[in-house]
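Scroll down for the structure; my scribbles are underneath it.
A short reminder: the numbers here are calculations on the coordinates, not readings from a lab. Since the structure is predicted, the reported quantities are computational estimates derived from the model, not experimental observations. Don't worry about glycine lacking a Cβ; one is built from the backbone with ideal geometry, like all the others, and counts go over all protein chains shown.
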Amino acid sequence: MKVGAVFCDYDGTLARMDTSRELSRVPDELIGTLTRIAAHVPVAIVTMKDFDFIHTRVPFANGWACVGGLEVRLADGRIFRSRVRIQESILEDIQRRLPPGFTVETKRGIDGELLGLCVDWRFGTAPHDDFIQGLLRELRSRNLYVRYAPPEPFIDALAGRPNEGTAVRTLAQLLGVKGSLVYIGDSVSDNPAFDEADLGICVLHGQELLPITSRAAVQQYELHPFLTSLLLNELEIPDDAWFFLRK
């Protein structure tokens, strides 16, 4: 299979999940290899992060689908965005009701409009289920699209419904992808993107693989060797590639 583009998720795929937002980074070796790949074919990021957070961390990218595709940006400056937004008063209300140990990450568009928020307790005490259920009801009552997949220690609440599959398709069209598209992710949220790609690869870091629809998987420590092998093989993936754990 001749690879014509490499699209990636960020959290849990290129960057580790078990670190704070401020310290989140892509390892230098991955940045170097993806930069070299981007010299040959389009490389893009599909993420729940906003552009202000993501673009400096993945400088090799030709395009970014931010906040689950609610805003798409290209390296040439083109921007495609939805018209949905969250009222600032909703953010203030949610922040007031959260106990210590919770953080709220905001996700904003080009004009500062609030596209989403993430309620995160990964570095605090795990809340009781009744508190989580109450918070989910509160977020949904504000007409927000809510994404929560326990045991993940966070809840995403967005102004509109994200669709990583549509984001992949949009980026592929805008970037003029020719050849097979590889999508690399790590969770069930990536399933629409895995299904849209010619080859979906799940990065394993201890999560349950069964509900994930990727055709192949690599351990997190195998991701860099896999990408390096792409370069060495001139972006060809053999059918019997040793670095795949076939499902």
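Structural remarks
- Cα→Cβ-extended label distance, 7 Å offset, between Ser141 and Asp195, nm: 3.3 nm
- Sequence-ordered 3J(HN,Hα) estimates for region 220-226 from the Karplus curve with 6.51, -1.76 and 1.60 and θ = phi - 60° stand at 4, 6, 8, 5, 5, x, 4 Hz, glycine and proline given as x.
- Angle in degrees between helix 88-97 and the longest Cα principal axis of the chain, rounded to the nearest 10: 70 degrees
- Cβ-defined net charge surrounding Arg83, 15 Å radius [Lys, Arg +1; Asp, Glu -1]: +1
- When each of the peptides 118-126, 155-163 is scored by the mean number of other C-beta atoms lying within 10 Å of its residues, the order from highest to lowest reads 155-163, 118-126.
- For region 176-205 versus region 57-94, the spacing of their alpha-carbon centroids is 20 Å.
- For peptides 198-204, 128-134, sequence by mean Cβ density within 10 Å, most packed first: 198-204, 128-134
- For region 124-134, Karplus couplings with θ = phi - 60° (6.51, -1.76, 1.60), whole Hz, Gly/Pro x: x, 6, 4, x, 5, 4, 5, 5, 4, 5, x
- Charges were assigned to the Cβ only: +1 to each Lys and Arg, -1 to each Asp and Glu. The resulting dipole of the chain about its Cα centre is roughly 560 debye.
- Relative packing of peptides 98-105, 12-19, 181-188, 84-91 - highest average C-beta neighbours within 10 Å first: 181-188, 12-19, 84-91, 98-105
- Taking amide H as placed 1.01 Å from N in the peptide plane, the amide H of Cys8 sits under 5 Å from that of Ala44, Ile45, Val46, Ile184, each at least 5 places away or on another chain.
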